[in-house]
1. Among the residues that make up the stretch 151-167, is at least one of them at pLDDT below 95, within 27 Å of SER75 (Cα to Cα), within 18 Å of the chain's Cα centre (by Cα) and assigned to a loop (DSSP other than H, G, I, E, B)?
2. I'm checking my understanding of the structure. Among residues of the stretch 50-80 that are small (Gly, Ala, Ser) and under 30 Å from GLN132 (Cβ atoms), which one is nearest to the chain's Cα centre (by Cα)?
3. Which residue pairs have Cβ atoms under 8 Å apart, sit 6 or more places apart or on different chains, and have a first residue in the stretch 121-134 that is closer than 16 Å to GLU90 by Cα and a second that is hydroxyl-bearing (Ser, Thr, Tyr) and assigned to a loop (DSSP other than H, G, I, E, B)?
4. PHE149 - would you say it is hydrophobic (A, V, I, L, M, F, W, C), free of Cβ contacts under 8 Å to residues at least 12 places away in the same chain and surrounded by 10 or more Cβ atoms within 10 Å (Cβ to Cβ)?
5. How do the pairs read when you match residues in the stretch 57-68 that are surrounded by 16 or more Cβ atoms within 10 Å (Cβ to Cβ) with residues anywhere that are at pLDDT 95 or above and among the polar types (S, T, N, Q), using Cβ under 6 Å and keeping only pairs 6 or more apart or on different chains?
6. Output the number of residues of the stretch 72-88 satisfying the condition of being in a loop (DSSP other than H, G, I, E, B) and hydrophobic (A, V, I, L, M, F, W, C).
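The values are calculated or read from the model by the stated rules, or taken from the named source; none is laboratory data. Worth saying up front: this structure is predicted, and the values here are computed from it rather than measured. Here the Cβ positions follow ideal geometry from the backbone for every residue, glycine too, while neighbour counts run over all protein chains shown.
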Amino acid sequence: MHYNKVLGYLCVTASMALMGCSTITTGVSQPFTVNTPMADGAKCILKDSKGAQWVMNATPMTLEVRKGDGPMTVSCSKAGFNDAEVVVEEGLAGMTFGNILLGGGIGIVVDSVSGAAQEYPDAVSVWLEPKQFASKASADKWSAAKQAFDDAQAAKIKNVQGQSSSNYSPQSGNE
C-alpha cells in the first residue's frame, strides 16, 4: 500500500513537471537577429503588438525578445537609404506539441499565457534600398542580390507548402 502511495506522488509530480513544458525548456524570450543586407550599420526598432520595444543601434545584431506578443514590426533606417519595415509573425514552438502528448491541456494553457508556445524565426532580413546608386552597375548588383534573396524565400515557402500538401491524401468519396 505504501508503494502505491509513493508511485501516485511520483506520477502527480511528473505530470506537474511536464505542464508548461515549453515554458520550462525554451522560456518566454528568444534570441532574434536582424540583418540589413548591403546596408550594415542600420538602426532598427523592433516593436511587438503589446508596445514593447527593442532598439538595435547597428546591424547585424542579435538580442533577446519576448515571445507571445507578436506580430513584431521591424523598422530600419540608415543615412543614404530609404527606410524599410517588415512585419514578423510568430509560429508554434516545437515543444508545444510535446505538451499535447505529455502535459495535456494545462501545459498548453500555461505556455500560451506565458508566450512560450510561440516563437519568431531566428532571423529576419530587412532590405534598405539606397536613395541613389553610384552607377547602373551598383543598382544592378543591388537588384540582383535582392531578387536572389526573394527567390530563395519563395522557394522555402513553396517547399514547406509542398511538404504540407504531400502529407494529405483525400479518400475517395470524402471530397
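1. No, the stretch 151-167 contains no residue that is at pLDDT below 95, within 27 Å of SER75 (Cα to Cα), within 18 Å of the chain's Cα centre (by Cα) and assigned to a loop (DSSP other than H, G, I, E, B).
2. In this case the residue turns out to be SER75.
3. SER125/THR36
4. No: the conditions fail for PHE149.
5. THR59/THR36; PRO60/ASN35
6. Filtering the stretch 72-88 for residues in a loop (DSSP other than H, G, I, E, B) gives 78-80, 82-83.
Add one more test, that the residue is hydrophobic (A, V, I, L, M, F, W, C), and what stays is 79.
Counting residues in the stretch 72-88 that are in a loop (DSSP other than H, G, I, E, B) and hydrophobic (A, V, I, L, M, F, W, C) gives 1.
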